[in-house]
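For reference, the structure discussed in these notes is given below.
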Amino acid sequence: MRPALAANEPKPRVALIGIGSPFGDDTLGWQVLDALRKRPLLLPEYEVAFEKADRPGPGLLEYMQGFDVAVLIDALDAGLPPGTVKLLGQDDLAKIELPASTHSLGVAEALALGQTLQMLPERLYLLGVQMGAQPGEAALVAVWAELNRLLEE
Amino acid sequence: MSEQRDIRIEVPVLARVEGEGALELDIERGQITNVKLRIFEPPRFFEKFVETHTCDDVIDMVARICGICPVAYQMSAAQAFERLFDVDPGHWVRDMRRVMYCGEWLQSHALHIHLLAAPDFLGFSNAIEMAEKYPDEVRRGLMLQTLGNDLIALFGARSVHPVGLRVGGFYHAPSLAEVQAMRERLEAALPEAESLVAWAGSLVMPDDQQEFVSAGLRHPDEYGIYSGNMYSDSGLDIDVSQWDEHIREIHMPHSTALHAELDGQPYLVGPLARLNINLDRLPTETAALLQATGVRFPSSNMFHSLLARAVEIHMVVLQAWQLLEGYQVPDRPWVDWQPKPGVAFGASEAPRGTLWHRYEVDESGHVSSARIVPPTSQNQARIEQDIALSLQNFGLDNEEDALRLHAETVIRNYDPCISCATHFLRLRLRRT
């Protein structure tokens, strides 16, 4: 449990970043972020910012500058039941096959670059939502609950 | 040296270029007999999509052709329509469009130098590996790229597929406070851009001298970015409406992107060509930095493209900072206009080279036909020529892996945007 903040202490800043694009299953990260905006977190001691990022590449590192915590929400294809929410750790990221083409780095590559350059926030989480269907209420509640749990840590 | 065997090298995807394609290379008895840059990105039909749309709609539509250089597409289109309609948007619009364009060059060049090209010349397989040894350089690249993106967004509301441009000017002028904040960031970036030029000049490049034609826009008073005549060091100096009289596009069976020839020959567009023909248009400060590197321009070493990009980065940071000095919010950031039927021609310098547009417009101001010639398709014939010459200079008896890496380096050096040209690298090498 986090200690209570003193009255004058600035609130820690949290960035919730939905990653996606306007196409197909890749919109999932954005849809979840839109839903989260309407469902305030249970944690008034945080200052929360919402950001929808369209295939941000290395720009992802810039989005996260100045934040104490960043939570990335992205569509995931791991063969799980559609809508399953999975918290990915660094080990999982290392297993993601890096897309070798294109000008833009993928999320895993951008995070690897950020780690090397020591540009990542103190706390960073990646929540994957299994694609394959529209995110149902259960998935949204699962993301919301996971966020509250993570920030309570 | 000859080897009596067939060799096939497969590179599933060429890293660090935009798009998909392949390279086919045959070496027979120590000679290259076949080089084909195969582009199999499907045709994208944008020229057909824009038909029947209004000129202002077309400006937003063509921005969708590319995520890296949308501003270039908008600038070539807007100028084409304004020229046909006899619209002069005035000094403020012209200057601010140049500033916005500086943002696109800055982000595109910063990305290419630091994340895509430099690993080739420093012996790393990607930017993440390079960042371990060169963290400050990579951080500089990210900072400059972000600055460029934010400069685009200042005028276009967002950096990818911006929406700020219209026939006659802009939809919106940024506030004085926004411009002042941007100007402070540009000023702070100037020393970074200066050190970038010195660093780029210090990188050890292969000494690969080749003969080629450098072409691009040249303007009487300024470095060719926003507008100018189509010019080459082979004697070309034409208004962009005369393009078709000299530049011919050819369909090649192995590519979904058209090849182009200037008066029957391959030619080069892009940073190196542009700097070669615009040396006397560099700002004094930038020219002095280039001089201090000790690298002489005009250069016939294609690998000096990286240094040319660095020089252009310094120039655009400096010019954007200068053009925003004394900024004032105009009463209205556009002028009125009336459509006229006819043929509209426009060209501007995308980060990768000249981007030429031709539109037929009807009496109501709707586009009835469009032709768009992007830089990567213009460079395609030159890239094939370069691969052959460069590999010969490198030595065809090198190991296959070395040949493949060298060919990839040559291709990446162009920063090809194959999604623009219509996407990259499977190498099939046959040596007999």
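The values are calculated or read from the model by the stated rules, or taken from the named source; none is laboratory data. Every value quoted in this text rests on a predicted model; they were computed, and no experiment measured them. As a convention, Cβ positions derive from the backbone with ideal geometry for all residues, glycine included, and neighbour counts pool all protein chains shown. Ligands, DNA and RNA are excluded from the accessible area calculation, which covers all protein heavy atoms including side chains. Shrake-Rupley method; radii C 1.70, N 1.55, O 1.52, S 1.80 Å.
Quick one: net charge of A:Thr116's neighbours, Cβ under 13 Å, K/R +1, D/E -1? It would help to have the intermediate numbers written out before the result.
Details: positive: B:Lys133, B:Arg139; negative: A:Glu109, B:Glu129, B:Glu132, B:Asp136, B:Glu137.
Value of the local net charge: -3.
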So with the 1.4 Å probe, I'd like the accessible area per residue for chain B, rounded to whole Å².
37 Å²
Partner chain Cβ atoms within 10 Å, averaged over the residues of B:152-164 - can you pull that number for me?
1
Within 10 Å of each Cβ in peptide B:138-145, how many partner chain Cβ atoms are there on average? Round it to a whole number, please.
3
Grab the DSSP H runs of chain B that are 4 residues or longer, score each as -39,500 (n - 2.57), total them, divide by all residues and round the 222 nm result to the nearest 500 deg cm²/dmol.
-14000 deg cm²/dmol
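Run the dipole for the range B:46-431 about the Cα centre, Lys and Arg Cβ at +1, Asp and Glu Cβ at -1, nothing else charged, and hand back the magnitude in debye, nearest 20. Could you put the intermediate results ahead of the total?
Details: 31 positive and 52 negative charges, 116 e Å.
Dipole magnitude for the range B:46-431 comes out near 560 debye.
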Classify the range B:46-431 from the C-alpha gyration tensor, please: rounded if a/c falls under 1.5, else prolate or oblate depending on whether a/b exceeds b/c.
oblate
Compare the peptides B:272-278, B:143-149, B:154-160 by average per-residue count of other Cβ atoms within 10 angstrom and give them in order, highest first.
B:272-278, B:143-149, B:154-160
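Filter A:Lys11/A:Lys52; A:Lys52/B:Lys48; B:Lys48/B:Lys340 down to the pairs with a C-alpha to C-alpha distance above 29 Å, please.
Numbers: A:Lys11/A:Lys52 22 Å; A:Lys52/B:Lys48 31 Å; B:Lys48/B:Lys340 21 Å.
Going by Cα-Cα distance, A:Lys52/B:Lys48 fall outside the 29 Å limit.
Once the other residues with Cβ under 13 Å from the Cβ of A:Phe50 are scored (Lys, Arg +1; Asp, Glu -1), what is the net sum?
On the way: positive: A:Arg13, A:Arg37, A:Lys38, A:Arg39, A:Lys52; negative: A:Asp34, A:Glu47, A:Glu51.
Residues close to A:Phe50 contribute a combined charge of +2.
Taking the Cα centre as origin and putting +1 on Lys and Arg beta-carbons and -1 on Asp and Glu beta-carbons, what dipole magnitude results for the range B:165-252, to the nearest 20 debye? Could you put the intermediate results ahead of the total?
Numbers: 5 positive and 16 negative charges, 86 e Å.
It comes to approximately 420 debye.
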Note, the range A:81-89: 3J(HN,Hα) by Karplus (6.51, -1.76, 1.60, θ = phi - 60°), whole Hz, Gly/Pro = x, goes x, x, x, 5, 9, 10, 7, 9, x
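Might you report the magnitude of the Cβ-based charge dipole of the protein assembly as shown about its Cα centre, with Lys and Arg at +1 and Asp and Glu at -1, to the nearest 20 debye? Could you put the intermediate results ahead of the total?
Working: 50 positive and 82 negative charges, 107 e Å.
Once rounded to the nearest 20, the dipole reads 520 debye.
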Could you rank the peptides A:36-43, A:23-30, B:342-349 by their average count of other C-beta atoms within 10 Å per residue, with the highest value first?
B:342-349, A:23-30, A:36-43
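Going by the alpha-carbon gyration tensor, a ≥ b ≥ c the square roots of its eigenvalues, is the range B:308-371 rounded (a/c under 1.5) or, if a/c is not under 1.5, prolate (a/b greater than b/c) versus oblate? Walk me through the numbers before you get to the answer.
Numbers: a/c = 5.71, a/b = 1.46, b/c = 3.90.
Cα axes put the range B:308-371 in the oblate bin.
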Across the residues of A:111-118, average count of Cβ atoms on other protein chains within 10 Å?
5
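Past the 37 angstrom mark, what percentage of all C-alpha to C-alpha distances in the protein assembly as shown do you count? Mind dumping the intermediate values first?
Details: 61406 of 170820 pairs.
Counting pairs separated by more than 37 Å, the tail of P(r) holds 36 percent.
So for chain B: antiparallel DSSP bridges make up what percent, rounded to the nearest 5? Can you show the working numbers first?
Working: 39 of 48 bridges.
Bridges in chain B are about 80 percent antiparallel.
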Size of the range B:162-227 along its principal axes in angstrom, Cα-based, largest extent first?
48, 31, 25
Checked the range B:77-166 against the a/c 1.5 cut and the a/b vs b/c comparison, axes a ≥ b ≥ c from its Cα gyration tensor; verdict prolate
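Within the range A:105-150, which GluC sites (Glu not before Pro) sit in a loop by DSSP and count at most 10 neighbouring Cβ atoms inside 10 Å? Walk me through the numbers before you get to the answer.
Working: sites: A:Glu109, A:Glu122, A:Glu137, A:Glu146; in loops: A:Glu122.
Those satisfying the criteria are A:Glu122.
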